[in-house]
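Report on the structure given below.
The values are calculated or read from the model by the stated rules, or taken from the named source; none is laboratory data. As the structure is a prediction and not an experimental result, all values here were calculated from the model. Neighbour counts run over all protein chains shown; Cβ positions are idealised from the backbone, glycine included.
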Amino acid sequence: MIPYGRQSISQDDIDAVVSVLNSDFLTQGPVVPSFESAVKKIVESKFAIAVNSATSALHLACLSLGVGKGDLVWTSAITFVASANCALYCGASVDFIDIDERTYNLCVNSLEEKLVKAKKTGKLPKVVIPVHLCGQSCDMERIYQLSLKYGFKIIEDASHSIGGRYYENPIGSCKFSHVSVFSFHPVKIITSAEGGMCTTNDPVLARKISLLRTHGITRDQKELANNSEGPWYYEQISLGFNYRMTDLQAALGLSQLDRLEQFISRRNLIADRYIDDFNNSKIIFQKVIENTLSAYHLFVIQIEEIDAARSKKEIFEELREMGINVNLHYIPVYRHPYYQSLKTFKFEDFPNAEKYYSTAISIPIFPDLDEKDRLYISTSVLSLVR
């Protein structure tokens, strides 16, 4: 079975992890800061804070921006549930923005329309979380301009996107946001087995995130409420979490960064070949906006103009029977029973997300996908939907 995504582990990666296993520190050692420094250099942010998952990173990003009970957070209708759950963890409420039908990202026109209505009713969001679906950046400059007009903060969910670019800016540089979040899950662009990271240019936010990931505990003399009682002394000054990344994970992530450009180049090459194969067919694929570089974590196709007798479900199942482990990214968050229990979201309020859900299939893309398998995937898809 050809997976939709898979990690690429080299001998250098293995050696890096073994080196930590043979060291004095499996966690809370020097490799995590080294990984953070390497990431902030690549994405051109002032700060980077490593954590144990992108979900944790999203949670801490919300907390650092003061999200709490009574606040509203908006995110894309098409995303993994963590992009919305992070606000609920803080006691806030969540609402969704429909997607652009061609880029699959948060539709900025829909966002602006919703903001106009929300201002009239006094229900503007405190935070908006654009999601760079598949590795393709949202139109961040337009979203940023709206944030200045309507007073909300921005967290970029860049879980799919390390190595991508928005115009001349690396995704994660936070030029048009307050915090960005990366994921290092095994199927993402680089992996630390499990892991995530926040980047920001704001020293206050960086310190809040760093403190909260480690139980809210500090040894910093400037932050202590009381005089130090000795070199062992520490204080818990806020209610934090154990969201730390281990040195084992950081070692893998740091080693993987050496091949980041190679991974992005290979993913774009595979995507370009899929596009060439599908250009004159009924298959629709994600539009990449001009002057950007997608990280291509995913390659999503839509199969909307097929014969009425052949459903998406049938094609999905047939592709799996052919040994191609296609997937779906994602079910609209508002459709999940838990979210329906919070509020009766009307499916018709999100027509583009509904159309996407009824037609989208993620086909395999990962650096080690060879041309023989890639061509087999294209040929198999085309045989079912021509």
Quick check, is Leu269 touching a residue at least 12 places away in the same chain (Cβ under 8 Å) and under 25 Å from the mean Cα position of the chain (by Cα)? no
Go through region 357-386 and count every residue that is buried (at least 18 other Cβ atoms within 10 Å of the Cβ) and of a type in the set (Lys, Arg). 1
Only one of (1) touching a strand residue (DSSP E or B) at 6+ places or on another chain (Cβ under 8 Å); (2) surrounded by fewer than 17 Cβ atoms within 10 Å (Cβ to Cβ) does not apply to His329, and that is (2)
Among Ile270, Ile275, which is touching a strand residue (DSSP E or B) at 6+ places or on another chain (Cβ under 7 Å) and assigned to a helix (DSSP H, G or I)? Ile275
Tell me yes or no: at least one residue of region 115-133 is crowded, with 19+ Cβ neighbours inside 10 Å, of a type in the set (D, E, K, R) and part of a loop (DSSP other than H, G, I, E, B). yes
Of Lys343, Lys312, Lys287, Lys372, which residue is basic (Lys, Arg) and either assigned by TED's automatic domain parsing to the domain that holds Lys114 or closer than 30 Å to Glu141 by Cβ (or both)? Lys287
How many of the residues in region 189-202 are part of a loop (DSSP other than H, G, I, E, B) and buried (at least 24 other Cβ atoms within 10 Å of the Cβ)? 4
Do we find a residue being in contact (Cβ under 8 Å) with a residue 60 or more places away in the chain, within 20 Å of Arg6 (Cβ to Cβ) and either polar (S, T, N, Q) or not in a helix (DSSP H, G or I) (or both) anywhere in region 301-319? yes
Note: among Leu252, Leu205, Leu239, Leu211, just one is of a type outside the set (Asp, Glu), in a loop (DSSP other than H, G, I, E, B) and either touching a helix residue (DSSP H, G or I) at 6+ places or on another chain (Cβ under 8 Å) or farther than 27 Å from Ile78 by Cβ (or both), namely Leu239
Exactly one of Arg142, Arg102 is assigned to a helix (DSSP H, G or I) and of a type in the set (Lys, Arg), and that one is Arg142
Among the residues of region 123-139, what is the count of those that are on the phi > 0 side of the Ramachandran plot and of a type in the set (Gly, Ala, Ser)? 1
Just to be sure I understand, how many residues within region 145-166 are buried (at least 24 other Cβ atoms within 10 Å of the Cβ) and at negative phi? 10
Taking region 119-158 and keeping residues in contact (Cβ under 8 Å) with a residue 40 or more places away in the chain and among the aliphatic types (A, V, I, L, M) leaves Leu124, Val127, Val128, Ile129, Val131, Leu133, Ile155
May I ask you to verify whether Gln11 is of a type in the set (S, T, N, Q) and over 18 Å from the mean Cα position of the chain (by Cα)? yes
Before we move on, is Val73 part of a loop (DSSP other than H, G, I, E, B) and either modelled with pLDDT of 95 or more or of a type in the set (A, V, I, L, M) (or both)? no
For Leu65, are the conditions met, namely being among the aliphatic types (A, V, I, L, M) and in contact with a Lys or Arg (Cβ under 6 Å, 6 or more places away or on another chain)? yes
Please go through region 333-351 and pick out each residue that is loosely packed, with under 11 Cβ neighbours inside 10 Å, more than 24 Å from the chain's Cα centre (by Cα) and over 21 Å from Cys107 (Cα atoms). Ser341, Thr344
Output yes when any residue across region 29-41 is in contact with a helix residue (DSSP H, G or I) (Cβ under 8 Å, 6 or more places away or on another chain), under 15 Å from Leu254 (Cβ atoms) and surrounded by fewer than 17 Cβ atoms within 10 Å (Cβ to Cβ), and no when none is. yes
Of the conditions (1) within 30 Å of Val94 (Cα to Cα); (2) surrounded by 14 or more Cβ atoms within 10 Å (Cβ to Cβ), Phe316 fails just one. Which one is it? (1)
